Amino acid sequence: MEHVQAESQPLSFTGKPWLNRYPTGVPAEIDADKFSSLMEMFEQGVRDYADKPAFTNFGKTISYRELDSLSRDFAAYLQHTLHLKVGDRIALMMPNLLQYPVCLFGALRAGLVVVNVNPLYTARELKYQLSDAQADTIVIVENFAHTLAEVLPETGVKNVLLTQMGDHLGFVKGTVLNLVVKHVKKLIPAYQLPTAINYHVAIRAGKNLPYTRPTLNGDSLAFLQYTGGTTGRSKGAMLSHRNLLANVEQCVGVYGPVLEVGKEKVVTALPLYHVFALTANGLLFFRLGAENLLITNPRDIPRFVKELKSYPFTCITGVNTLFNALVNNEDFQKLNFSTLKLTIGGGMAVQRVVAEHWQRITGSRLLEGYGLTECSPLVTVCPYDMKAYNGSIGLPVCSTDVRLVDDHDEVISLTHTPGEMEVKGPQVMSGYWQADPHEAKGPDSPFHEGWLRTGDIATMDERGFFTIVDRKKDMILVSGFNVFPNEIEEIAMQHPSVLEAAAVGVPHAEYGEIVKLVVVKKPGTQLDEKTLKDYCRQYLTAYKVPKVIEFRDELPKTNVGKILRRELRDPVS
């Protein structure tokens, strides 16, 4: 759609000016209480689609019926062998494998709270999240067991379930893959976890144990999904069953008219531990009875494309960097896209050149959406009937209100006037896990008059389309993942030669943003960029490690000593 150049005009926020911009069939409101819990949604899905393929990975497919059986056995083991109770926290630390949906739905069926963990975390990061979430149990793929072994005694984790990459691929194929991963590719560093429980043993044991269906409702806590703020470390957004169910129904509302129940084939390249893929791929397409192709390593583009050749996918989601890598791959350009009907981009800004390139090659529009972990995550989407990329993040989803406020928290009633986005809807979290009582009120509260503060500055046009113009928070967004400046600075400051440090995000053509670290060295010390990067790599996940380090004699500051981060942001090609 063309950009409308117009003078700012008053706009009423009492109504929803964007509703008539959606195509026919998109409802204004959804029923957030269609299911009492995710468990009930799961039970209906495995009943309605029992013999349909549910998840495929490494050429192995499990049906909805098999998923029902496996997750039931896992839930029984959690309940009756590990004696976990409703509300206990279980961490899942693995890439996209068939084990993930089995453990996810098994945990939810046991009434547990799922804590998704990035498998690439360093020992320091893992220790913090497990301790903060007060996790009792963790399921971890063997490739990353060495990280857990390093910090396990310093956490409250009592039970470790250990799985291997090929555990659901059958005896021959699974054994071969596990041997290749361990002895050929040498992807499993040495570790010691003497009390760890074998995943297969747990599933087999669960077959002979009773399953007790817990009593859950929409307000029951389902996930602690870790995200962050601009101060301190990451925080666990408390997402209830109703929050996730509402967002699934909102997705059905805005995309449902182009999706056919029981007939879709979706590609899940983003990790399911990320809230975007969790909802937009895992839960939404389960709700629709779709087959879900799980890509374990989307960075291996040649293998990824090879898998796509034999999978007539109808839907795909991803981040800008993934789409960019695909459209620049010659083999991808030769694929048959006749079945593709829906492409959704999120997690980071979609670039015009990538969106237009994607549409030329596939014939499918790359529809940008916007969300936050705190919103389960979807807030706005571009309508599926849009003819081309328009640079906006689209329109609010069903049953969602979005408003803009100025620096004085006054509601902005003029179009094309920037303000901080605030969101209200059934998908919005109740708050942060173990939040500081002092942060729950006043200017540090994530809420303002019952609206969630997003920290993003946007404008809205006469048609209700929102466009992000800036980020109020200092959070850095690298390929869709949140990076918090204070965490980077804390690590850098531990180096004996660093006097001061400030981390900022700077634009980057491939990653959206990368981390830039500006450092003041202690007098008389020697320190170079490579040395400091190597130091940071010991304590930070790869995407958090500064890609650019600049040394200065001093940092720009206000007259009260606050660092002027805006002056540190220079574009990096």
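The values are calculated or read from the model by the stated rules, or taken from the named source; none is laboratory data. Since the model is a prediction, treat every value here as computed from it, not as a measurement. Ideal geometry is used to build each Cβ from the backbone, glycine not excepted, and the neighbour counts take in all protein chains shown. To get the accessible areas, we keep the full protein, side chains included, count just its heavy atoms, and leave off ligands, DNA and RNA. Shrake-Rupley method; radii C 1.70, N 1.55, O 1.52, S 1.80 Å.
Structural remarks
- Count - residues of region 238-258 that are crowded, with 23+ Cβ neighbours inside 10 Å and closer than 17 Å to Ser220 by Cβ: 10
- Screening region 419-430 for residues that are in a loop (DSSP other than H, G, I, E, B) and open to solvent by 10 Å² or more (accessible area, probe 1.4 Å) and picking the one that is farthest from Leu245 (Cα to Cα) gives Ser430.
- Counting only strands (runs of 3 or more DSSP E) wholly contained in region 314-403, the ones carrying 3 or more residues that are hydrophobic (A, V, I, L, M, F, W, C) occupy 378-381.
- Filtered residues of region 324-353 (kept if at pLDDT below 90 and buried (at least 24 other Cβ atoms within 10 Å of the Cβ)): Gly346, Gly347, Val350
- In region 155-187, the residue that is surrounded by the most Cβ atoms within 10 Å (Cβ to Cβ) out of those that are free of Cβ contacts under 8 Å to residues at least 12 places away in the same chain and over 28 Å from Glu125 (Cα atoms) is Gly174.
- Here the condition is being among the hydrophobic types (A, V, I, L, M, F, W, C) and more than 31 Å from the chain's Cα centre (by Cα); of Leu193, Leu187, Leu169, Leu209, it holds for Leu209 alone.
Residues are listed down the side, and each one gets a yes or a no for (1) open to solvent by 10 Å² or more (accessible area, probe 1.4 Å); (2) touching a His at 6+ places or on another chain (Cβ under 8 Å); (3) over 28 Å from Thr24 (Cα atoms):
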site	(1), (2), (3)
Trp358	no, no, no
Thr362	yes, no, no
Leu378	yes, no, no
Cys382	no, no, no
Ala388	yes, no, no
Ser392	no, no, no
His408	yes, no, yes
Leu414	yes, no, no
Thr417	yes, no, yes
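- Any hit, region 50-57, residues being of a type outside the set (Ser, Thr, Tyr) and under 15 Å from Pro271 (Cα atoms): yes
- Taking region 259-274 as the range and being open to solvent by less than 10 Å² (accessible area, probe 1.4 Å) and in contact with a Cys (Cβ under 9 Å, 6 or more places away or on another chain) as the test, the residues that pass are Glu264, Val266, Val267.
- Checking Ser392, Ser376 one by one, the residue that is among the hydroxyl-bearing types (Ser, Thr, Tyr) and modelled with pLDDT under 95 is Ser392 and no other.
- All positions within region 194-212 that are surrounded by 16 or more Cβ atoms within 10 Å (Cβ to Cβ), assigned to a loop (DSSP other than H, G, I, E, B) and either hydroxyl-bearing (Ser, Thr, Tyr) or in contact with a Phe, Trp or Tyr (Cβ under 6 Å, 6 or more places away or on another chain) (or both): Tyr211
- Some residue of region 467-484 being at pLDDT 90 or above and open to solvent by less than 40 Å² (accessible area, probe 1.4 Å): yes
A quick yes/no check of all residues on (1) at pLDDT below 90; (2) in a helix (DSSP H, G or I); (3) in contact with a helix residue (DSSP H, G or I) (Cβ under 9 Å, 6 or more places away or on another chain):
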site: Val515; (1), (2), (3): no, no, yes
site: Val520; (1), (2), (3): no, no, no
site: Thr525; (1), (2), (3): no, no, no
site: Lys530; (1), (2), (3): no, yes, no
site: Tyr539; (1), (2), (3): no, no, yes
site: Ile549; (1), (2), (3): no, no, yes
site: Leu555; (1), (2), (3): yes, no, yes
site: Val560; (1), (2), (3): yes, no, no
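- Matching residues in region 485-513 - criterion: being in a loop (DSSP other than H, G, I, E, B) and either in contact with a Phe, Trp or Tyr (Cβ under 8 Å, 6 or more places away or on another chain) or open to solvent by 40 Å² or more (accessible area, probe 1.4 Å) (or both): Gln494, His495, Pro496, Ala509, Glu510, Tyr511
- Condition met for Ala75 (surrounded by 19 or more Cβ atoms within 10 Å (Cβ to Cβ) and of a type in the set (Gly, Ala, Ser)): yes
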